[in-house]
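Q: Dropping a structure here in structure tokens format, bear with me for questions.
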Number of protein chains: 2
Amino acid sequence: MSCIFCQIISGEAKGTILYRDDLVTAFRDIHPIAATHILIVPNKHIESVNSIEPEDAPLLGHLFLVAKELAAREGVSEKGYRLMMNTGRDGGQTVLHLHLHLIAGKLARFHLG
Amino acid sequence: MSCIFCQIISGEAKGTILYRDDLVTAFRDIHPIAATHILIVPNKHIESVNSIEPEDAPLLGHLFLVAKELAAREGVSEKGYRLMMNTGRDGGQTVLHLHLHLIAGKLARFHLG
């Protein structure tokens, strides 16, 4: 199990866990680009959007419900936030375990790959 | 029905429709920020991520399955692409009908709001 996100989900590696249920785990990005920068990750290892299947639709949708909840907890629901999922090298994907970025507040930096 | 995306979905307003099924419609952004810039939109009017409900999870996941298919058609699956959903003013949401941006290829510009 060499995937760092699988290790964080299992507790083998450290992470600032903000949310966890049977389907997804959310933790703070260790290299935040904004005041709020959270990663929402399926517990199941899916490499990228290129490898999703129709049966993953409810799981993918659930990432957004968790994002809505975490945006509320972070106090950014009304001001606004961005949700982003990067795929592939030119898309800026750095960990090959699908993840949804929740980004809000003052931007520290922004890499476009 | 004053929502421009509802009008494009219904055919009342023009759009370069790339994909359509019972749940979602996809069309090119009229102000593209990159070589590929497609909007994938639920046919049902949902204002933003702040207004999604648990029963919307399969629909939201379906947006990603359509994004995967359109990335393949655009020939960007392997190089990579970004999927982004903006919420609220500071999040850069400009049309109050939830939509997923598919962005790939050479960037023309990038607004962070």
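The values are calculated or read from the model by the stated rules, or taken from the named source; none is laboratory data. Remember, it's a predicted structure, so these values are computed and weren't measured experimentally. Counting neighbours? That spans all protein chains shown, and the Cβs are built from the backbone with ideal geometry, glycine included. Surface accessibility is based on the protein's heavy atoms, side chains included, excluding ligands, DNA and RNA. Shrake-Rupley method; radii C 1.70, N 1.55, O 1.52, S 1.80 Å.
Q: Given (1) open to solvent by less than 20 Å² (accessible area, probe 1.4 Å); (2) hydrophobic (A, V, I, L, M, F, W, C); (3) within 22 Å of B:GLU74 (Cβ to Cβ); (4) in contact (Cβ under 8 Å) with a residue 24 or more places away in the chain, identify the lone condition not met by A:LEU96.
A: Failing condition for A:LEU96: (1).
One line per residue, one yes/no per condition, for (1) in contact (Cβ under 8 Å) with a residue 60 or more places away in the chain; (2) of a type outside the set (Val, Ile, Thr):
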{"site": "A:LEU18", "(1), (2)": "no, yes"}
{"site": "A:ASN43", "(1), (2)": "no, yes"}
{"site": "A:SER48", "(1), (2)": "no, yes"}
{"site": "A:THR87", "(1), (2)": "no, no"}
{"site": "A:ILE103", "(1), (2)": "yes, no"}
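Q: Considering each of B:ARG28, B:ARG82 in turn, give the residue that is farther than 18 Å from A:LEU60 by Cβ and within 13 Å of the chain's Cα centre (by Cα).
A: Working: B:ARG82 fails: farther than 18 Å from A:LEU60 by Cβ.
Of B:ARG28, B:ARG82, the one residue that is farther than 18 Å from A:LEU60 by Cβ and within 13 Å of the chain's Cα centre (by Cα) is B:ARG28.
Q: Of the conditions (1) assigned to a loop (DSSP other than H, G, I, E, B); (2) at the interface with chain B (Cβ under 9 Å from one of its Cβ atoms), A:LEU59 clears all except one; give me its number.
A: Failing condition for A:LEU59: (1).
Q: Would you confirm whether any residue within the range B:25-44 is open to solvent by less than 20 Å² (accessible area, probe 1.4 Å), farther than 22 Å from A:LEU102 by Cβ and of a type in the set (Phe, Trp, Tyr)?
A: Checked the range B:25-44: at least one residue is open to solvent by less than 20 Å² (accessible area, probe 1.4 Å), farther than 22 Å from A:LEU102 by Cβ and of a type in the set (Phe, Trp, Tyr).
Q: Taking the stated definitions as given, is A:GLY88 within 13 Å of another protein chain (Cβ to nearest Cβ), out of contact with any strand residue (DSSP E or B) (no Cβ under 6 Å at 6 or more places or on another chain) and more than 23 Å from B:ILE52 (Cα to Cα)?
A: Values: within 13 Å of another protein chain (Cβ to nearest Cβ): yes; out of contact with any strand residue (DSSP E or B) (no Cβ under 6 Å at 6 or more places or on another chain): yes; more than 23 Å from B:ILE52 (Cα to Cα): yes.
Judged against the criteria, A:GLY88 is a match.
Q: With the checklist (1) under 30 Å from A:ALA35 (Cα atoms); (2) open to solvent by 20 Å² or more (accessible area, probe 1.4 Å); (3) in contact with a Ser or Thr (Cβ under 9 Å, 6 or more places away or on another chain) in hand, flag the one item B:ILE17 doesn't pass.
A: (1)
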